[in-house]
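Before any comments, here is the structure.
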Amino acid sequence: MNNGDSVLQVENLKTSFRTKAGIVQAVRGVSFELNKGEVLGIVGESGCGKSVTAMSVLRVLPENARHDTGRILYMGKDLLTLPKKELRKIRGGEISMIFQDPMTSLSPLMKIGRQIEEAILQNTQGISKQDARKKSLDMLKKVHIPDPESRYNCYPHELSGGMRQRVMIAMALSCNPRVVIADEPTTALDVTIQKQILLLLKEMCRSMDLSVIFITHDLGVVAELCDRVIVLYGGLIMEEGTAVELFEHPSHPYTMGLLDSIPRLDQDKGEKLMPIPGSPPDLLAPPDGCPFYARCKYARRICIHEKPDVITLTESHSSFCHLLREDAPKNNNPFADITKSRERGEPENG
Ligand SMILES: Nc1ncnc2c1ncn2[C@@H]1O[C@H](COP(=O)(O)OP(=O)(O)OP(=O)(O)O)[C@@H](O)[C@H]1O
Ligand SMILES: [Mg+2]
């Protein structure tokens, strides 16, 4: 499905939570690869399983969580079964996470420079205190914190939200990770600052040859930042493709719905934005078939009962929708043209 070297492979991940109300099936069989040097976006509405997928990678879920099946391969090791001690070495060092709220990861009681220094000391064998301090300052410079020498001695509460997020990025990147997982790292910031942080992340990825999983519910951010995208819904992947494929040839009614609900550059100012009516499925008792069927205006009977198989559209683009099957009826089918051209042996998305 991809040409690049993959650094991380998630295979059939199922993660659930034991709760008083029953078992919440948050992630229900998700598979994807992260390639070297790419920014992979995970998008979808609230509650679709983005954070649980991300937290499963580093096993940082609460006690009531369980991984029911699946493998998460990193450098030939399955992170889901790796002994805790080995996992700790990977966490923060080789794979690091940036969260939405920096205050959950930064200690309020320690100067920010020291916090980065500590992370470096913990994750770099044999490094001296002096070198760790130098590297910490260097990272503050790299994330464009003005006057890093004096900011080094600031406590987190003395910085603005945008600056704190920069410190988080500096900390996450300070141990030269191969993979960074960023879970909605900019949603708490105002739009201008968001943009600056996204540009910074992109710049850092390119210059450090990082692979990034970027979680967001904002398709505008995806267009700006991501190379490839996975669309999640109800704990399952609905569509996967390059950012261009998804924006220009969305091939799942859910992706189309998401696109209709955001402002687009090529859209008339007068055109109304259409939020997707209805709400996501109950993950205590998720539907057997396509999780989107109840909100899908093209749904057919098969969608209720049968989970769609993957339909491969191009080497990088695939969709899980019955409407793309060869034998799907052509009426009330937004993909009738695609299936017709496939019958004629023509290239898709042409
Ligand atoms: N600790 C928990 N106990 C029980 N259910 C949980 C727990 N954490 C998450 N869930 C459930 O798992 C599902 C997926 O949650 P997740 O946090 O991955 O959503 P998300 O896509 O990240 O949403 P958001 O955009 O709001 O961050 C949701 O239905 C949520 O209620
Ligand atoms: Mg989340």
**Mean Cβ count within 10 Å, highest first, over the residues of peptides 138-144, 331-337** = 138-144, 331-337
**Asked** Of the residues ILE90, ILE302, ILE116, which exhibits the maximal mean-square fluctuation in a Gaussian network model of the chain defined by a 10 Å Cα contact cut-off?
**Response** ILE302
**Request:** For the chain, give the magnitude of the charge dipole about the Cα centre (Cβ charges: +1 Lys/Arg, -1 Asp/Glu; no others), in debye to the nearest 20.
**Result:** 1200
**Asked** Quick one: what does P(r) look like for region 103-176 with 5 Å bins over all Cα pairs, in whole %?
**Response** 3, 19, 33, 26, 13, 4, 1
**Item:** From phi via Karplus (6.51, -1.76, 1.60), per-residue ³J(HN,Hα) for region 73-82 in Hz, x at Gly/Pro
**Value:** 8, 10, 6, x, 10, 8, 5, 6, 10, 5
**Item:** Mean Cβ neighbour count within 10 Å, used as a protection proxy, ranking 251-262, 306-317 highest first
**Value:** 251-262, 306-317
**Item:** Protein accessible area in the chain, 1.4 Å probe - carbon and sulfur %
**Value:** 51
**Request:** Grab the DSSP H runs of the chain that are 4 residues or longer, score each as -39,500 (n - 2.57), total them, divide by all residues and round the 222 nm result to the nearest 500 deg cm²/dmol.
**Result:** -9000 deg cm²/dmol
**Rg in Å to one decimal, and Dmax rounded to a whole Å, for the chain via C-alpha atoms** = 21.5, 70
**Prompt:** Hey, which of these cross-link pairs are over 18 Å Cα-Cα: LYS89/LYS134; LYS111/LYS141; LYS50/LYS89?
**Reply:** LYS89/LYS134; LYS50/LYS89
**Message:** Taking the Cα centroid of region 172-231 and of region 122-162, what is the distance between the two, rounded to the nearest whole Å?
**Reply:** 20
**Asked** In degrees from 0 to 90, rounded to the nearest 10, what is the angle of the helix 129-142 Cα long axis to the longest principal axis of the chain?
**Response** 50
**Item:** In degrees, nearest ten, helix 112-123 long axis to first principal axis of the chain (Cα)
**Value:** 80
**Message:** For a quick check: with amide H placed at 1.01 Å from N, whose amide H comes under 5 Å from VAL212's, ignoring anything fewer than 5 positions away on the same chain?
**Reply:** GLU38, VAL39, LEU40, VAL180
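The values are calculated or read from the model by the stated rules, or taken from the named source; none is laboratory data. Here the structure is a predicted model, which is why all the values come from computation and not from measurement. Counting neighbours? That spans all protein chains shown, and the Cβs are built from the backbone with ideal geometry, glycine included. Surface accessibility is based on the protein's heavy atoms, side chains included, excluding ligands, DNA and RNA. Shrake-Rupley method; radii C 1.70, N 1.55, O 1.52, S 1.80 Å.
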